[in-house]
Amino acid sequence: MQDSLRAVFISDAHLGSAACQAEHLLDFLNKIKTDRLYLVGDIIDLLEMRRKAHFPETHRAILSLIMRKAREGMEVIYIPGNHDDFFRQMAGQTFSGVKIRLNSVHRTADGRRFHVSHGDEFDQIVQLSPLALLVGDKAHGMMLKLNSWLNRARRLFGFPYWSLAGYLKTHLGRAREFIHRYENAALKAARSLEVDGYICGHIHYAAFRRKDGRLYCNDGDWVEHCSALVETHQGQLRLLHWSEQPRWLAVEPDAEPTWIDDPIPGLFPAPVCCAMTEKQAPEAA
């Protein structure tokens, strides 16, 4: 029985935007114990802050907590994304104990090597037309507002967090096609880099996918899904969701199905899932 994790990967918190699920993220960061924390881009939404400043106390508390953990000995690696790309010019530097890098290679406890980047480098490969992107961006903004309003109402009536965006992404053919193409681009990059897998964020869709012996891992986001990728001290990768009712989302494909009965004290006090699932975008038609 373990009481800590070997590594935690989070991305797309979008601090500085009203869409950030800051209370859940702050609770998660307060409770986890890990040797290494990867911040895989879009942690701060500088683009949104230029349009409308929104940085309440919970957002400031998250940054303060991360820097305090770094000073206390946790290895924190920050890989900026497209919404916080200002910090890419600081790559190679260390700020308040936080190492800033353009990308990284993570070696798991069982010796596998994973390339880690935000993932926006695949945009030109998988994106649609400029008009579709513009319409999609506006629609996504509206969806996030609806998601926020819906979950405020659910909290009032005692219901747990539920992602409208996640539901739509798994039920709209166009969204599934985009996700599938994105996964293929990351897996192709892993093959070119001669690594065992690729860890990224960017598209706000937590998932595992194995292809030709390589593993795609997306840690999700803290806007729509409140998810993270974690590595146990045995080298196993898992996806989790954190809100009022934390739960495991998936274990990496082909792993031994023992994780269900292996809760992490202080993180999950008891088993929270009853079946293994491989969360994966369906094949494009």
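Before moving on, here are some points about what is shown:
- Selection count where residues are assigned to a loop (DSSP other than H, G, I, E, B) and touching a residue at least 24 places away in the same chain (Cβ under 8 Å), scope the stretch 84-98: 3
- Sole residue being within 21 Å of His204 (Cβ to Cβ) and surrounded by 15 or more Cβ atoms within 10 Å (Cβ to Cβ), chosen from Val40, Val98, Val76: Val40
- Residue match in the stretch 226-236 (condition: part of a loop (DSSP other than H, G, I, E, B), modelled with pLDDT under 95, β-branched (Val, Ile, Thr) and surrounded by fewer than 17 Cβ atoms within 10 Å (Cβ to Cβ)): no
- Ala7 assigned to a loop (DSSP other than H, G, I, E, B), under 16 Å from Leu240 (Cα atoms) and among the hydrophobic types (A, V, I, L, M, F, W, C): no
- A count restricted to the stretch 191-202 and to residues that are surrounded by fewer than 24 Cβ atoms within 10 Å (Cβ to Cβ) and either under 18 Å from the mean Cα position of the chain (by Cα) or touching a residue at least 24 places away in the same chain (Cβ under 8 Å) (or both) stands at 3.
The values are calculated or read from the model by the stated rules, or taken from the named source; none is laboratory data. Since this is a predicted model, take the numbers as computed values, not measurements. As a convention, Cβ positions derive from the backbone with ideal geometry for all residues, glycine included, and neighbour counts pool all protein chains shown.
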